[in-house]
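Laboratory data are not the source of any read-out in this text; all were calculated from the coordinates shown. Fair warning: this is a prediction, and the values are worked out from it, not measured in the lab. Neighbour counts run over all protein chains shown; Cβ positions are idealised from the backbone, glycine included.
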Amino acid sequence: MSEQFAARVRADFPVFERQIGGRSIAFFDGPGGSQVPRQVGDAMRDYLLMHNANTHGFFATSEETDAVITRARENMAAFLNAPSPREVVFGANMTTLTFHLSRSLGREWGPGDEVIVSQLDHQANVAPWRRMAEDRGMTVHVVPFSAETYTLDLDALERALSPRTRLVAIGAASNAIGTVNDVARAARLARQAGALSFVDAVHYAPHRLPDVQAIGSDFLACSAYKFFGPHMGILWGRAEHLERLTPYKVPPASNASPERWETGTLNHEGMAGTAAAVEWIASLDSHGPGNNLRASLERAFRAIHAHETELFAALYAGLTGIPGVRVHGSPADGMRTPTAGFVIDGVSPDEAARRLGAEGVFVWNGDFYATTVCDVLGLSDCGGLIRAGIAPYTTADDVERLVTGVRALARG
């Protein structure tokens, strides 16, 4: 069943027509950005060639652009289970949106106030809050994670909360080692302390369908290019916050949310592609297209999760069975995404990625902007990690090629 699922997915991805050394490419680079299905490229091309215009004009292409933006908000609201499409903000990327939000939030805070970040997070969910705290004279507390269990210490988070805590920033999943965090608990603890919560779901969203209502956070951000879309960032915020806060914008720009948060002219073709990416995921629903996009997405993600879990178990077993290879992260059946961060004795991550890439097996190397993860694991001075992620288009043959390549590298 898993191979049938992968074959159905791969049929939509033109990139699998490419070959290296007479073989198709085994893409394990998804944690850095997934491949893109034909439907997404077609939607972006169609918008640019047939509907391109600025917004709110009294002519056809402008009205069609407004419709594209509306569809993108509606589709992302379904993807996130947001109460309203008016809570969906688009931007260049998650990092830019987070800096943007941090500046607006910081206007209300000052010396003596506190913000909490974690050691397990990508710098996009750390640096914006640190810079804001420096500007406003605030204190930053850091929640540690364990190098033995690879989990975040949420008890330490609870102890760090105080009446002066203004924000808790936490990742839903580690982009380096795959750990999935209990962000609902973190959001609940923040709320009980009178603080806001911000969730980075960039690495989480390609593998588990986000649900902002179940999580209970105040803000959540993700990136379309991680779930088969174009390079765009998406920020969800509770309507009460988006309306109350004062974003940095030019005076003539709309004062209505979410437009007041979207500085300048948007990437309309990217929004068309994002809407198409959500619809493409929903097309994986075995029940066929229906009227309820969220329900189709939930069924599609169950199929994605089953496929990725099966292949990751094989990848994890293969890698951990090779002498000289250490996989950092929870067991294959633990609370994690299908992303393996590992090292090979005597082989630097950049050399491993280079040699595997020459064989058509694409993996990432480095710290992936999760710098404190590599610091805690003692890997910062030796090149960080090799990272391989399972995606819906991954096959058992891809996994075997990666394991075989790593085994050869470990043998020297």
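Using unit Cβ charges (K, R positive; D, E negative) and no other charged atoms, how large, in debye to the nearest 20, is the dipole of the stretch 42-280 about its Cα centre?
Using Cβ point charges on Lys, Arg, Asp and Glu, the stretch 42-280 gives about 500 debye.
Using +1 at the C-beta of Lys and Arg and -1 at the C-beta of Asp and Glu, which of Ala352, Pro323, Leu377 has the Cα lying farthest in the positive direction of the dipole of the stretch 309-412?
The residue sitting farthest along the positive end of the dipole is Pro323.
Pull out the extension gain between Thr320 and Ala253, defined as 0.36 nm times the separation in residues minus the alpha carbon to alpha carbon distance; nm, one decimal.
Full extension of this stretch gives 18.7 nm more.
Relative contact order for the chain: what percent, with Cα pairs under 8 Å and sequence separation of 6 or more?
23 percent
How are the Cα pair distances of the stretch 248-290 distributed, in percent, across 5 Å bins from 0?
That works out to 6, 19, 17, 13, 14, 11, 9, 7, 4, 1, in percent per bin.
Please report the orientation-averaged projected area of the stretch 11-119, defined via the convex hull of its C-alpha atoms, in nm².
Projected over every direction and averaged, the Cα hull of the stretch 11-119 covers 12.1 nm².
I need to check one value: relative contact order of the stretch 42-280, counting alpha carbon pairs closer than 8 Å and at least 6 residues apart, in percent.
Here the relative contact order equals 25 percent.
How many angstrom lie between the Cα centre of the stretch 205-226 and the Cα centre of the stretch 121-170?
After rounding, the separation between the Cα centres reads 19 Å.
Which one, Met76, Leu49, Ala7, is farthest towards the positive end of the dipole of the stretch 1-84 when Lys and Arg carry +1 and Asp and Glu -1 on their Cβ?
Result: Ala7, furthest along the dipole toward the positive end.
Taking the highest mean first, how do the peptides 115-127, 309-321, 85-97 order by number of other beta carbon atoms within 10 angstrom per residue?
Final packing ranking: 115-127, 85-97, 309-321.
State the Cα centre-to-centre distance between the stretch 325-393 and the stretch 1-33 in whole Å.
Cα centroid to Cα centroid, the span is 20 Å.
Estimate the FRET efficiency between Thr70 and Arg164 by the formula 1/(1 + (r/R0)^6), using the beta-carbon distance for r and 45 Å for R0, to the nearest 0.05.
Efficiency for this residue pair is about 0.65.
Given charges of +1 on the Cβ of Lys and Arg and -1 on the Cβ of Asp and Glu, with all other atoms neutral, how large is the dipole of the chain about its Cα centre, in debye to the nearest 20?
So the dipole magnitude of the chain works out to roughly 200 debye.
For the pair Ala358 and Asn291, how long in nm is the line joining their label points, each one 7 Å along Cα→Cβ?
The modelled label-to-label distance comes out at 5.9 nm.
Mind sorting out which of (i) 125; (ii) 136; (iii) 185 is the real volume of the Cα convex hull per residue in Å³ computed from the coordinates?
Computed from these coordinates, volume of the Cα convex hull per residue in Å³ corresponds to label (ii).
Over the stretch 229-282, what is the relative contact order in percent, taking alpha-carbon pairs closer than 8 angstrom and at least six residues apart?
This gives 46 percent for the stretch 229-282.
Once Lys and Arg get +1 and Asp and Glu get -1 on their Cβ, which of Thr149, Gly229, Tyr204 lies farthest toward the positive end of the dipole of the chain?
Comparing the listed Cα positions along the dipole, Thr149 ranks first.
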